[in-house]
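The values are calculated or read from the model by the stated rules, or taken from the named source; none is laboratory data. Being a predicted model, the structure only gives us computed values, none of them experimental. Cβ sites come from the backbone with ideal geometry, for glycine too, and all protein chains shown count toward neighbours. We work out accessible area using only protein heavy atoms, side chains counted, and drop any ligands, DNA or RNA first. Shrake-Rupley method; radii C 1.70, N 1.55, O 1.52, S 1.80 Å.
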Amino acid sequence: MLRVQRAIRSRDHPVFRRLGIVPVAIAESESIDYVYFQREHVAQVNALLCRTFWPGIDMSEALMYPEFSIVALHRRTVVGCAFLTPDAYLTYIAVSAGWEGVGIAKFMIHHLTQTVPTKDVTLHVSATNLAMLLYQKFGFKPERFAVDFYKSYLPESSRVCPNAFFMRLRRY
């Protein structure tokens, strides 16, 4: 897992090679740190979520419940984040471009589902989002299909599917 991360970070990944981008040296000991959401992360987290989902997302309110959050940092750069409500609804999970496939989302989902061990965890996921496969690996099951669930959040020109599945991880 960290080998892939180092390849991406060092620009030695096959995609970068095809583009003719020169690799850079990277230390073997680099790691990803996972922390609770803090004030110093707000700007980077908001930017990541706006790039991943839609404009106008502000997670400042989540500072009231840091125990229901997780932020993945490489050095001091946010490369992933996930948020759960106290009612166990997974509101957002995002990983920066270039950091997919190294286990960040998997770790964040595992952490947040362990935060509320006696509650069912729920979420909505776009009908065309491959993250649904990851959620199913954790035991989430689709319960209903919501037509136009994301329509009011997406810009009119968006080509993103506005439909979603409501999924639940049952604890009993």
- If you take the alpha carbon radius of gyration of segment 29-72 and divide it by 2.2 N^0.38 Å, what ratio comes out, to two decimals? 1.21
- Sorted by chain and number, the residues with a modelled amide H under 5 Å from that of TYR89, at a separation of 5 or more or across chains, are THR122
- Message: Only sites in a loop by DSSP and with at most 15 other Cβ atoms within 10 Å count here; which chymotrypsin sites (Phe, Trp or Tyr not before Pro) in segment 105-142 make the cut?
- Response: PHE138
- Item | Relative contact order computed over segment 111-172 (Cα-Cα under 8 Å; 6+ residues apart), in percent | 47 percent
- Item | Mean Cβ count within 10 Å, highest first, over the residues of peptides 164-170, 117-123, 127-133 | 164-170, 117-123, 127-133
- Item | TRP99 accessible area, assembled protein chains, probe 1.4 Å, Å² | 30 Å²
- Tell me, what does the Kirkwood hydrodynamic radius of segment 53-172 come to in angstroms if you use every pair of distinct C-alpha atoms? 15.1 Å
- Message: Test of understanding: what is the full-extension gain from PHE138 to THR85, defined as 0.36 nm times their sequence separation minus their Cα-Cα distance?
- Response: 17.2 nm
- Kirkwood hydrodynamic radius (Cα pairs, Å) of segment 69-120? 11.4 Å
- Task: Convert each backbone phi in segment 125-130 into a coupling constant with the Karplus relation 6.51 cos²θ - 1.76 cosθ + 1.60 (shift: θ = phi - 60°), then list the ³J(HN,Hα) values in order as whole Hz, x for Gly and Pro.
- Result: 9, 4, 4, 9, 7, 5
- Query: Sorted by packing (mean other beta-carbon atoms within 10 Å per residue), highest first, where do 36-48, 81-93 land?
  - Reply: 81-93, 36-48
- Where only protein heavy atoms count, and the probe is 1.4 Å, what is the accessible area per residue for segment 36-172 in Å²? 56 Å²
- Karplus-derived 3J(HN,Hα) from phi for segment 133-146 (6.51 cos²θ - 1.76 cosθ + 1.60, θ = phi - 60°), whole Hz, x at Gly and Pro, runs 5, 5, 4, 5, 4, 7, x, 5, 10, x, 10, 7, 9, 10
